[in-house]
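Trainee: Provided herewith is a single structure, encoded as structure tokens, for subsequent inquiry.
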Amino acid sequence: MKPSIVSYKKLPEDLQDKLEQRFSVTAFDSITNENRADFIKALAKAEGIIGANETIDRKLLEQAPVLRAVSTISAGFDNFDVDALTERKIPLMHTPGALTETVADTIMALVLTTGRRILNVAERVKAGEWKGSVGENWFGTDIHHKTMGIIGMGRIGTALAQRAHFGFGMKIVYNTRNRNPEAENRFDAIHMELDKLLSVADYVCLILPLNPQTRHLINAERFALMKPSAFFINAGRGPVVDEAALIEALQQGTIAGAGLDVFEKEPLPKDSPLLSMPNVVAIPHIGSATFEARYAMAASAVDNLIAAMTDSIEGNCVNPQVIR
Ligand code: DGY
């Protein structure tokens, strides 16, 4: 008999077939209030699960007594209780390699759009305000040869630094716990303490995972260190930033603007002050949302699940200490 698994995000057909060749699959396109009870019922027999965008906490895991493999179609795993999985020796697989270049593209797009005020001026053109040669109140800020501060020089940070340094001649400063010799050699990147980085960068790009150490890492005191001409870009996780402090920094002119792909609460509430600020570009957590990257992530997650179910994990495991 094939092992039972549950998929809780719609997969491309060929990948769904690949799973069905090996497993008895209970598939949900997504989890909604209407089908949540069925999902929980299916967990009772599930030896593996694969999906995205659901909170998989200790309480939910109790509904899955025979679970032995979990595969998330994402790089981030802050929606999982990793300790609860590790206690039960269940590997949690993720897809960090599949979205690197795409997310770096998104961040660069946010840098360009905020600095050059692209949305703002495009809206004015559509509103019929373009009457002649534009004056200073349409001007933006240069990107080329400015200083980009990258907080989190992992895979995505490195791909971003490559674009910024070679494409735009930007000076790269970065902050990570451990120095990144590759970034220093390839991009002349300079490692800095976080507070120093915030005070020198023209574009501060935050690419950190969410965990207890990073929650609200960027707060009012840290925004106060930034230059009034600097832009803040977040494409990691919303709660790494104290959003109320960000809003205040934007309102007070402590910083020049922000490009945001992630928020403390997603979707962004309709009454968020961020939505009415002309110096904010807010996009709906689309860092990896291209056809190519989303397919690559799903393919990687399927392979990860198969590897975990067949005791042949070679990488992409969040808690490798559980591997037999
Ligand atoms: C990830 O993979 O973690 C991205 O944020 C998409 O959710």
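Trainee: Where does helix 100-115 land angle-wise versus the long Cα axis of the chain, in degrees 0 to 90, nearest 10?
Mentor: The helix 100-115 is inclined about 30 degrees to the chain.
Trainee: Net charge near Thr141: determine it from the other residues with C-beta under 13 Å of the C-beta of Thr141, scoring Lys and Arg +1 and Asp and Glu -1. Display every interim value, and only then the final one.
Mentor: Numbers: positive: Arg116, Arg117, Lys146, Lys227; negative: Glu136, Asp142, Asp202.
Computed value for this residue: +1.
Trainee: At a Förster distance of 25 Å, what's the computed FRET efficiency of Ile247 paired with Lys126, Cβ-Cβ distance as r, to 0.05?
Mentor: On the way: r = 26 Å, r/R0 = 1.05.
Working from the Cβ atoms, E equals 0.45.
Trainee: Find the centroid of the Cα atoms in the stretch 5-63 and in the stretch 195-272, then give the distance between the two in whole Å.
Mentor: 34 Å
Trainee: At 4 °C and 1.567 mPa s, grab the translational diffusion coefficient of the chain from Stokes-Einstein with a Kirkwood Rh over Cα pairs, rounded to a whole number in µm² per second.
Mentor: 61 µm²/s
Trainee: A further question follows. Using 0.36 nm times the number of residues separating Asn35 and Val82, minus their current alpha carbon distance, what extension gain do you get? Display every interim value, and only then the final one.
Mentor: Numbers: separation 47, 0.36 × 47 = 16.92 nm, distance 2.49 nm.
My answer for the length gained is 14.4 nm.
Trainee: Rounded to the nearest percent, how much of the accessible area of the stretch 99-282 (1.4 Å probe, protein heavy atoms only) is carbon and sulfur? Please report the intermediate quantities before stating the final value.
Mentor: Numbers: 4710 of 9020 Å².
The C+S portion of the solvent-accessible surface of the stretch 99-282 is 52 percent.
Trainee: Oh, and also: Mind telling me which of Gly48, Gly97, Gly253 comes out most flexible in a GNM of the chain, alpha-carbon contacts under 10 Å?
Mentor: Gly253
Trainee: Divide by every residue of the chain the summed helix terms, -39500 (n - 2.57) for each DSSP H run of at least 4, and state the resulting mean residue ellipticity at 222 nm, rounded to the nearest 500 deg cm²/dmol.
Mentor: Per the formula, -9500 deg cm²/dmol.
Trainee: Calculate how many DSSP beta bridges within the stretch 99-282 are antiparallel, expressed in % of all such bridges and rounded to the nearest 5. Write out the running numbers ahead of the final one.
Mentor: On the way: 0 of 23 bridges.
Bridges in the stretch 99-282 are about 0 percent antiparallel.
Trainee: Ok, one more. Considering only the other residues whose Cβ falls under 13 Å of the Cβ of Gln16, what net charge follows from Lys and Arg at +1 and Asp and Glu at -1?
Mentor: Numbers: positive: Lys9, Lys10, Lys18, Arg22; negative: Glu13, Asp14, Asp17, Glu20, Asp29.
That works out to -1.
Trainee: Right, here's the next one. If you filter the stretch 112-144 for GluC sites (Glu not before Pro), then keep DSSP loop positions with at most 16 other Cβ within 10 Å, what is left? Walk me through the intermediate numbers first.
Mentor: Details: sites: Glu123, Glu129, Glu136; in loops: Glu129.
Of the GluC sites (Glu not before Pro), the ones in loops of the stretch 112-144 whose Cβ has at most 16 other Cβ atoms within 10 Å are Glu129.
Trainee: Continuing with the same structure: Net charge within 12 Å of Leu225 by Cβ-Cβ distance, Lys/Arg positive one each and Asp/Glu negative one each, not counting Leu225 itself? Before the final figure, lay out each step's value.
Mentor: Details: positive: Lys196, Arg222, Lys227; negative: Glu193, Asp195, Glu221.
Local charge sum for Leu225: 0.
Trainee: Quick check for me: using +1 on Lys/Arg Cβ and -1 on Asp/Glu Cβ, what's the dipole size of the chain about its Cα centre, in debye to the nearest 20?
Mentor: Numbers: 34 positive and 39 negative charges, 27 e Å.
With only Lys, Arg, Asp and Glu charged at Cβ, the dipole is about 120 debye.
Trainee: Of Phe166, Phe23, Phe80, which is the most mobile in a GNM of the chain whose springs link Cα atoms less than 10 angstrom apart?
Mentor: Comparing Phe166, Phe23, Phe80 in the GNM, the peak value goes to Phe166.
Trainee: Taking the Cβ-Cβ separation of Arg179 and Glu266 as r and a Förster radius of 41 Å, what is the calculated FRET efficiency to the nearest 0.05?
Mentor: On the way: r = 33 Å, r/R0 = 0.80.
The pair Arg179/Glu266 has a calculated efficiency of 0.80.
Trainee: Given a Förster radius of 30 Å and the C-beta distance between Ala44 and Glu13 as r, what FRET efficiency does 1/(1 + (r/R0)^6) yield to the nearest 0.05?
Mentor: 0.65
Trainee: Could you bin all the Cα-Cα distances of the stretch 9-96 into 5 Å bins starting at 0 and give me the percent of pairs in each, rounded to whole numbers?
Mentor: P(r) for the stretch 9-96, in whole percents per bin: 3, 13, 25, 28, 21, 9, 1.
Trainee: From the cross-link list Lys89/Lys265; Lys126/Lys146; Lys9/Lys45, which pairs have alpha carbons spaced over 21 Å apart? If you can, show how the numbers build up before the last one.
Mentor: On the way: Lys89/Lys265 31 Å; Lys126/Lys146 30 Å; Lys9/Lys45 18 Å.
Pairs exceeding 21 Å: Lys89/Lys265; Lys126/Lys146.
Trainee: Which of Asn211, Asn120, Asn185 ends up with the largest GNM mean-square fluctuation for the chain, with Cα atoms connected below 10 Å?
Mentor: Of the options given, Asn185 has the highest mean-square fluctuation.
Trainee: In square nanometres, what is one fourth of the surface area of the convex hull spanned by the alpha carbons of the stretch 99-282?
Mentor: Working: hull surface 43.0 nm².
Approximately 10.7 nm², given one-decimal rounding.
Trainee: Could you state the angle between the C-alpha long axis of helix 291-309 and the longest principal axis of the C-alpha atoms of the chain, as a value from 0 to 90 degrees rounded to the nearest 10?
Mentor: Roughly 40 degrees between the two axes.
The values are calculated or read from the model by the stated rules, or taken from the named source; none is laboratory data. All values derive from a computational prediction rather than experimental measurement. Cβ atoms come from the backbone with ideal geometry, glycine included; neighbour counts cover every protein chain shown. Only protein heavy atoms, including side chains, enter the accessible area calculation; ligands, DNA and RNA are left aside. Shrake-Rupley method; radii C 1.70, N 1.55, O 1.52, S 1.80 Å.
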